[in-house]
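Contents: one structure, followed by commentary.
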Amino acid sequence: MTDYRDEAVAPATNIEEFRKVVESRRSVRRFTDEPVPDAVVEDCLDLAMLAPNSSNLQPWEFYVVREPEVRQRLAEACLGQNAARTAQVLIPIIARPDTWKQNSLRNLDYWPEETMPQIVRNYYSKVALLHYNPGPLGSFGLAKKALGLLAGLARPVPRGPYGVSEMKIWAVKSTALAAENMMLAFRAHGYDTCPMEGFDEHRVRRILQLPRHAMVTMILAVGKRAEDGVYHRRYRFPREQFIHRV
Ligand SMILES: Cc1cc2nc3c(=O)[nH]c(=O)nc-3n(C[C@H](O)[C@H](O)[C@H](O)COP(=O)(O)O)c2cc1C
């Protein structure tokens, strides 16, 4: 398989293939009982983790649930939705607003070049540790917000993420991008998905034994599309409603 990650010159791509993948991705609510090969799941996980993410702090985690008994309990926690009940694999996609520190320091270890520019070293060893730290009960966040308000009178300054709740949004943003990468990757492999936020989070947390600060962004149902898997034709509102030109 070709690895396109580090090509200095952007490789030629094919918009029609991309369009086919994007346009044929639907939220599929019923799957056949055809299994999804491990290799496909692993590739889709790898492609998910190539999603852009804030400061390369990679605030995400993925649980691959294949075991029938756990899958069934999880499907019940997903309110018995058809997508969850018929999926061959369920992938809870988790945001971690609390891993910024260890992942900032990991960047120092995993830097892929011979030498790390001082500005990057400084960022991951000092700036990021300050910038993303909400402090106990968000106390640093409040102080940073006050400082930002003052400094911001004179010049543009970053306006967060400041407190604990802003760190949750911060983590979910990057994690949602990984989720979309994953859905498109499954489609490109010929499989389908349904993202679900209709679940009982307490039960999901218990089944997966999630750590305290982990957030279940969505649960992905994965499988082969059944003939009655798509409920209706796709529609969107007129594009003028969403696009502003300035
Ligand atoms: C964050 C999120 C949560 C969703 N939750 C559910 C869900 O719990 N159950 C479901 O059947 N579909 C769910 N969907 C799918 C949406 O209903 C679907 O994406 C939307 O209707 C557009 O249809 P399409 O995905 O086929 O283009 C969810 C989608 C997103 C992005």
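Kindly provide the Kirkwood hydrodynamic radius of segment 51-122 in Å, to one decimal, from all pairs of distinct alpha carbon atoms. If you can, show how the numbers build up before the last one.
Values: mean 1/r = 0.0667 Å⁻¹.
About 15.0 Å for segment 51-122.
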>> Run the numbers for His213 and Tyr231: contour at 0.36 nm per residue of separation, minus the present Cα-Cα distance, in nm.
In response: 3.0 nm
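Averaging over every viewing direction, what projected area does the convex hull of the Cα atoms of segment 94-159 cover, in nm²? Numbers along the way, then the final one.
On the way: hull surface 23.7 nm².
That works out to 5.9 nm², a quarter of the Cα hull's surface.
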>> Among Pro156, Trp100, Leu208, whose Cα projects farthest towards the positive end of the dipole of the chain, with charges put on the beta-carbon of Lys, Arg (+1) and Asp, Glu (-1)?
In response: Pro156
>> Helix check for the chain. Which DSSP H runs span at least 27 Å along their own axis by Cα, with a mean Kyte-Doolittle hydropathy no less than -0.5?
In response: 164-188
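Return the carbon/sulfur percentage of the accessible area of the chain, one whole number, probe 1.4 Å, all protein chains in place. Don't jump to the answer; show the numbers that get you there.
Numbers: 8620 of 15580 Å².
Of the solvent-accessible surface of the chain, carbon and sulfur hold 55 percent.
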> From the backbone phi of segment 114-120, what are the Karplus-calculated ³J(HN,Hα) couplings (6.51 cos²θ - 1.76 cosθ + 1.60, θ = phi - 60°) in whole Hz, Gly and Pro given as x?
Replying inline: 4, 10, 9, x, 4, 5, 6
>> Rg and Dmax in Å for segment 31-229, alpha carbons only: what are they?
In response: 19.4, 61
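Return a whole-number percent for the relative contact order of segment 1-103, with Cα pairs under 8 Å and 6 or more residues apart as the contact set. Could you put the intermediate results ahead of the total?
On the way: 73 pairs, mean separation 34.2, N = 103.
RCO, segment 1-103: 33 percent.
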> Using 7 Å Cα-to-Cβ label points, what is the Arg106/Glu16 separation (nm, one decimal)?
Replying inline: 4.0 nm
> Can you give the charge dipole size of the chain about its Cα centre, rounded to the nearest 20 debye, using +1 on the beta carbon of Lys and Arg and -1 on the beta carbon of Asp and Glu?
Replying inline: 1200 debye
>> Starting from a Cα-only point model with no solvent, please compute log10 I(q)/I(0) by Debye for segment 131-195 at q = 0.23, 0.27 1/Å.
In response: -0.89, -1.05
> Which of Lys101/Lys144; Lys144/Lys173; Lys126/Lys173 have a Cα-Cα distance over 19 Å?
Replying inline: Lys144/Lys173; Lys126/Lys173
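Counting heavy atoms of the protein chains only and a 1.4 Å probe, report the per residue accessible area for segment 31-229 as a whole number of Å².
Numbers: 10720 Å² over 199 residues.
Value returned for segment 31-229: 54 Å² of accessible area per residue.
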> Among 10-18, 151-159, how do they line up from the highest to the lowest mean number of other beta-carbon atoms within 10 Å?
Replying inline: 151-159, 10-18
>> At 0.36 nm per residue, and after removing the present C-alpha to C-alpha distance, how many nm does the segment from Leu130 to His202 gain when stretched out fully?
In response: 22.8 nm
>> Taking 2.2 N^0.38 Å as the expected size of a compact globular protein, what ratio does the Cα radius of gyration of segment 1-67 give against it, to two decimals?
In response: 1.41
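Take every Cα pair under 8 Å in the chain that's 6+ residues apart, average their separations, divide by the length, and report that relative contact order as a whole percent.
On the way: 346 pairs, mean separation 85.2, N = 246.
Relative contact order here is 35 percent.
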> Just how many % of Cα pairs in segment 123-241 lie over 21 Å apart, if you round to the nearest whole percent?
Replying inline: 61 percent
>> What FRET efficiency comes out for Ile119 versus Leu149 if R0 is 35 angstrom and r is the Cβ-Cβ distance? Round to the nearest 0.05.
In response: 0.85
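The values are calculated or read from the model by the stated rules, or taken from the named source; none is laboratory data. Remember, it's a predicted structure, so these values are computed and weren't measured experimentally. Neighbour counts run over all protein chains shown; Cβ positions are idealised from the backbone, glycine included. Ligands, DNA and RNA are excluded from the accessible area calculation, which covers all protein heavy atoms including side chains. Shrake-Rupley method; radii C 1.70, N 1.55, O 1.52, S 1.80 Å.
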